[in-house]
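The block underneath contains the structure these notes are about, expressed in structure tokens.
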Number of protein chains: 2
Amino acid sequence: MILNGTEIANKIKENLKNEIESLKKMDINPKLVVFQVGENDASTIYIRNKQKACESVGIDFELVHLEENTSQKELENEILKKNQDPTVHGILVQSPLPKHMKEEQVFETILPEKDVDGFTTTNVGKLWNQKTGLISCTPKGVIRILKEYDIPIEGKHVVIIGRSNIVGKPLALLFLKENASVTILHSKSKEIAKITKEADILVSAVGKPNFVTKDMVKENAIVIDVGINRLDGKVIGDVDFLNVSPICSYITPVPKGVGPMTIAMILENVVISCNRKITKKGVQHD
Amino acid sequence: MILNGTEIANKIKENLKNEIESLKKMDINPKLVVFQVGENDASTIYIRNKQKACESVGIDFELVHLEENTSQKELENEILKKNQDPTVHGILVQSPLPKHMKEEQVFETILPEKDVDGFTTTNVGKLWNQKTGLISCTPKGVIRILKEYDIPIEGKHVVIIGRSNIVGKPLALLFLKENASVTILHSKSKEIAKITKEADILVSAVGKPNFVTKDMVKENAIVIDVGINRLDGKVIGDVDFLNVSPICSYITPVPKGVGPMTIAMILENVVISCNRKITKKGVQHD
């Protein structure tokens, strides 16, 4: 059975749209600001997708596009302005940044309450302590698609291939919170196939086409493909979908799997940021 | 082969003693402050052990013992004073705190540079990002004992039973940093024995006597016992040592395994805190 990320994402967006209408009646106009530095075709496409998604639910969108040779300090100053701007509820910095910048330092500049990517130390710390913070969108989207399909997670053995700060590590914490047993594998792991074959839920976040082959997957496993790889002008995942899908109980396709869920979670995080503002300080007018 | 924590800890302490002598020649007197609130016999023993360890290497030790009915605010104010005191290099708050206090909030009050337990969000964030911070002492001690015995970690499958913020989670990050494959199990995990039997390195941080039995351990595995349990007036670990030890390649005993390593790492963290002070701001006189 194919886990239809587009369908679930559309359902989530429909709900957000209604919620945003209610916010607007209280004179709150949810707004996302995205920072792009330099030119990168893939980044431009990702940003355009985010913009379209925002517009489709009624979130205001602003792109701050800076030149390649912008200094890190200048970028950070622009971010600080948006931190202070009460009309802005979410701030994203599009990765990759030019090589002369330290990404982690730049991300850390974002006010945690507006950090809709969940990358700041404060939000990672909240995830660590199982407190309410803004959670990284791709990991959040993975958990959500499983929940939307009523797939039980508790007690399951989850194997995640990939240990990045953006996907692997936060996803491990989220699965632990859902009471799964969690294994993290990576490029230095040995006997990968032996371990992945034990997985009830197998997540690949490697970035290599056809990395996950049939012999790595247990019969009736659930396979989540986080990979986005370009091959011969097509976007494909990490999983050899043709051969793996027949033996799975559930599988996410690429495209139309985790990708649209990630975008839906960005929108949701912007709305969460708006709602928190209401709960914390009473309604604030933008 | 038994991994002798006491012996390794003594070696580390001997080195620290020399390092501390050099610090003292620069008029820097390393100092640890421990906060205890209320009366708890186990806590009193733990604190006394820390005090003895400090004295054995030349670290000044101060116990701030507050009454059971101290308010959280009062405790936090006392911590803030030690944060500001330049003669103090390490601050520990002995757990458990009385029930009317929120431990996490109290820990968060400690200045990250003096947080020798590595519990603050800042230090967790540094561990997450593989930056240099103060690392939680028990996980650090586990990695150290393996390294001192020249046991290779890279590519090994490590299974950790226990997902606490103090042991399981930070230890998982440390093993990932060492390029091990890492599995985390816990009370809601299913088929625990099946998974632990795959472990090259098995770590138990459960807190139940004889939890790890022979049938859960692979032949020639390395077994690390983090448990400290009191049974019939004796201190024992989580592992059924008598039956498990014959099939392991290496095993830590309890006592004299991870326990003394934890204490040695506290001392090391105090010295790291002193050294940083020198590097960052030039030599400061206490």
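Quick notes on this structure:
- Residue that is in contact with a Phe, Trp or Tyr (Cβ under 6 Å, 6 or more places away or on another chain) and among the polar types (S, T, N, Q), where the choices are B:51, B:94, B:84, B:72: B:51
- Number of the condition not met by residue B:153 [criteria: (1) surrounded by fewer than 24 Cβ atoms within 10 Å (Cβ to Cβ); (2) farther than 24 Å from residue A:196 by Cβ; (3) more than 8 Å from every other protein chain (Cβ to nearest Cβ)]: (2)
- Within region B:219-249, tally of residues that are open to solvent by less than 80 Å² (accessible area, probe 1.4 Å), acidic (Asp, Glu) and at pLDDT below 95: 0
- On the stretch given as region A:186-203, residues that are touching a residue at least 40 places away in the same chain (Cβ under 8 Å) and over 19 Å from residue A:139 (Cβ atoms) total 1.
- From the list B:118, B:90, the one residue that fits, being in contact with a Leu (Cβ under 9 Å, 6 or more places away or on another chain) and within 14 Å of chain A (Cβ to nearest Cβ), is B:118.
- Looking only at region A:23-51, and only at residues there that are of a type in the set (Val, Ile, Thr) and farther than 19 Å from residue A:268 by Cα, the one that is least open to solvent (accessible area, probe 1.4 Å): A:37
- Count of region B:120-167 residues, restricted to those that are of a type in the set (D, E, K, R), at pLDDT 95 or above and assigned to a loop (DSSP other than H, G, I, E, B), is 4.
- Cross-chain or 6+ apart pairs with Cβ under 9 Å, region A:12-41 first and without any contact (Cβ under 8 Å) to a residue 60 or more places away in the chain and assigned by TED's automatic domain parsing to the domain that holds residue A:87, then open to solvent by 50 Å² or more (accessible area, probe 1.4 Å) and of a type in the set (A, V, I, L, M): A:33/A:63; A:35/A:63; A:36/A:63
- Considering only residues in region B:69-84 that are farther than 16 Å from residue B:43 by Cβ and in contact (Cβ under 8 Å) with a residue 40 or more places away in the chain, the one that is least open to solvent (accessible area, probe 1.4 Å) turns out to be B:79.
- Any hit, region A:159-167, residues being out of contact with any Cys (no Cβ under 6 Å at 6 or more places or on another chain), of a type in the set (A, V, I, L, M, F, W, C) and more than 11 Å from chain B (Cβ to nearest Cβ): yes
- Residue in region B:172-192 that is most open to solvent (accessible area, probe 1.4 Å), counting only those that are facing chain A (nearest Cβ under 7 Å) and assigned to a loop (DSSP other than H, G, I, E, B): B:190
- Considered as a group, the residues in region B:96-115 that are part of a loop (DSSP other than H, G, I, E, B) and more than 18 Å from residue B:69 (Cβ to Cβ) include one that is most open to solvent (accessible area, probe 1.4 Å), and that residue is B:111.
- The combined condition, being away from chain A (no Cβ under 14 Å), basic (Lys, Arg) and surrounded by fewer than 22 Cβ atoms within 10 Å (Cβ to Cβ), is not fulfilled by residue B:126.
- Failed condition for residue A:99, given (1) away from every other protein chain (no Cβ under 14 Å); (2) touching a residue at least 24 places away in the same chain (Cβ under 8 Å): (2)
The values are calculated or read from the model by the stated rules, or taken from the named source; none is laboratory data. Fair warning: this is a prediction, and the values are worked out from it, not measured in the lab. Positions of Cβ are generated from backbone atoms using ideal geometry, with glycine treated the same way; all protein chains shown enter the neighbour counts. What goes into the accessible areas is simple: the full protein's heavy atoms, side chains included, and nothing from ligands, DNA or RNA. Shrake-Rupley method; radii C 1.70, N 1.55, O 1.52, S 1.80 Å.
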